[in-house]
Amino acid sequence: MLRKFSNSRTQGDNIKLGTLTAFSAGMVNVVSLLLFLSFSSNVTGYYAILAAEFVKGNWYQTAIVFAWIFLFFMGGFVANFMVIHFNKRNKYFAHSLPISLEILCLLVVGFYGQFYYRETLAETELLLAFLLFAMGLQNGLTASISNFAVKTTHLTGTTTDLGILFSMFTKREFRSNPVLKKRAWLLSAITAAYITGAIVAGIAYFHIGFKLFYVISAFLVVVIGHDAYKIRVVRYYWNSSRKKCKQVQAQDARERLVGAPVEDLE
Amino acid sequence: MKRLLVVYISVFAFILMGFTWLIRSAPNPERLILGQWKETGWVYERLNKVGDEEKVNMQETLRDGLVLHKAEIWSFLPNGRLRLQKSDGEEETIRWAIKGRGNILEIKYNDGHKEQYDLSQLADDQLVLNFELDTQVKGLAKLTFDRL
């Protein structure tokens, strides 16, 4: 999911990454709406709100909305900065670092909310800022490593693309195009995962409240852990096959030494 | 590379300073709302279609049943306490919080029931709240308060 970059990614990699992160984004968005009465995973609406608040002369609200948009932007900036600067050293580390940072943000929100939150406006705005930054990180990372194929925190582009794809499928030549079919599957999977996450969060929120952020973090740990596990498995097989190969080579050399004709040894 | 770094840092610093200046100069809704407010108006701003008079009547009969209309004087106190004074002199202290970007007033009753109002206007002398009624009683109720 996280090890491969850009065009070397398979459809399976993108679907796994897309569904898991879209599921967590759907959860984050709904839980922030229920707790703080504001969205946290999409910023399109905030641009309109920014303009409306500016026109009305509500400078406090203008500043807050601007800060949220900027933090979403910063999330994308930081995620891609990490990917392009640490990629050559260790691809897995570069790709898992933004997700780790996102988990940290979600844990901060969950922990603070569970133990210290007194529902003041400053707290609400700060916790929302953490969530918007986290969502920016996630969207930046998934878009960056998938060559802009996977974007999971909002569904505006996804819905538009699905509309275009399904209209294309009214013609046989496009219906049989494997690239378009794959794209439609990916986008449908992301949409379904996002909605499922949102519904699950909507139900779970009434039972566990802020603890839901720990559950979302656990999902993201799966995203990181899946590849860490795969790397370990691959490394194990690699090492054991290298060991076997060396053993075979050593045995072969011994056999050649023992059974070789005298002139060969000379 | 150094020049680029300076440009990036300057832009981010400029944005941060702009935000700080804006947030410091603008009145904080949480402080602005503190004090006593007297309810002066109650209207339905929206109806589903022309000829919804029956619904208006229904709303008129229902409005006494709505918790939000029970009080005439709302006193927003620090630490999230809200004292509602009814016309018969009865008082009730509940909880309030401003959420979202400072645009939503959430009121929490002692039995755990919550109501959310859109803070349409919050000025020194006037407070306007909009309350979206549920699907059975469609319409947007607007409450206007004057500062006492």
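The values are calculated or read from the model by the stated rules, or taken from the named source; none is laboratory data. Small disclaimer: the values here were computed from a predicted structure and weren't measured. Using ideal geometry, Cβ is built from the backbone for each residue, glycine included, and neighbour counts are taken over all protein chains shown.
Key figures for this structure:
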quantity: Test: residue in the range A:94-112 that is in contact (Cβ under 8 Å) with a residue 24 or more places away in the chain, closer than 25 Å to B:Arg31 by Cα, buried (at least 17 other Cβ atoms within 10 Å of the Cβ) and in contact with a helix residue (DSSP H, G or I) (Cβ under 9 Å, 6 or more places away or on another chain); calculated: yes
quantity: Test: residue in the range B:38-47 that is surrounded by 14 or more Cβ atoms within 10 Å (Cβ to Cβ), at pLDDT 90 or above and not charged (D, E, K, R); calculated: no
quantity: Some residue of the range A:107-116 being more than 20 Å from A:Ala67 (Cα to Cα), of a type in the set (A, V, I, L, M) and either assigned to a loop (DSSP other than H, G, I, E, B) or over 14 Å from the mean Cα position of the chain (by Cα) (or both); calculated: yes
quantity: Wholly within the range A:174-266, helices (runs of 4 or more DSSP H) carrying at least 1 residues that are surrounded by 17 or more Cβ atoms within 10 Å (Cβ to Cβ) and either more than 30 Å from the chain's Cα centre (by Cα) or at pLDDT 80 or above (or both); calculated: A:178-208, A:212-259
quantity: Residues located in the range A:1-51, provided they are surrounded by fewer than 19 Cβ atoms within 10 Å (Cβ to Cβ) and among the hydroxyl-bearing types (Ser, Thr, Tyr); calculated: A:Ser6, A:Ser8, A:Thr10, A:Thr44, A:Tyr47
quantity: Residue match in the range A:77-88 (condition: in contact with a helix residue (DSSP H, G or I) (Cβ under 8 Å, 6 or more places away or on another chain), at pLDDT below 95, closer than 24 Å to A:Leu35 by Cα and of a type in the set (Val, Ile, Thr)); calculated: no
quantity: Among the candidates A:Ala149, A:Ala143, residue that is in a helix (DSSP H, G or I), surrounded by 18 or more Cβ atoms within 10 Å (Cβ to Cβ), of a type outside the set (S, T, N, Q) and touching a residue at least 24 places away in the same chain (Cβ under 8 Å); calculated: A:Ala143
quantity: Residue list for the range B:71-109, filter: in a loop (DSSP other than H, G, I, E, B) and more than 14 Å from every other protein chain (Cβ to nearest Cβ); calculated: B:Ala71, B:Glu72, B:Lys86, B:Ser87, B:Asp88, B:Gly89, B:Glu90, B:Tyr109
quantity: One residue from A:Glu125, A:Glu119 being surrounded by 14 or more Cβ atoms within 10 Å (Cβ to Cβ), free of Cβ contacts under 8 Å to residues at least 24 places away in the same chain and either within 14 Å of chain B (Cβ to nearest Cβ) or not in a loop (DSSP other than H, G, I, E, B) (or both); calculated: A:Glu119
quantity: Breaking point among (1) at pLDDT 90 or above; (2) more than 14 Å from the chain's Cα centre (by Cα), for B:Glu54; calculated: (1)
quantity: Single condition A:Gln138 does not satisfy, out of (1) part of a helix (DSSP H, G or I); (2) of a type outside the set (Gly, Ala, Ser); (3) out of contact with any Leu (no Cβ under 9 Å at 6 or more places or on another chain); calculated: (3)
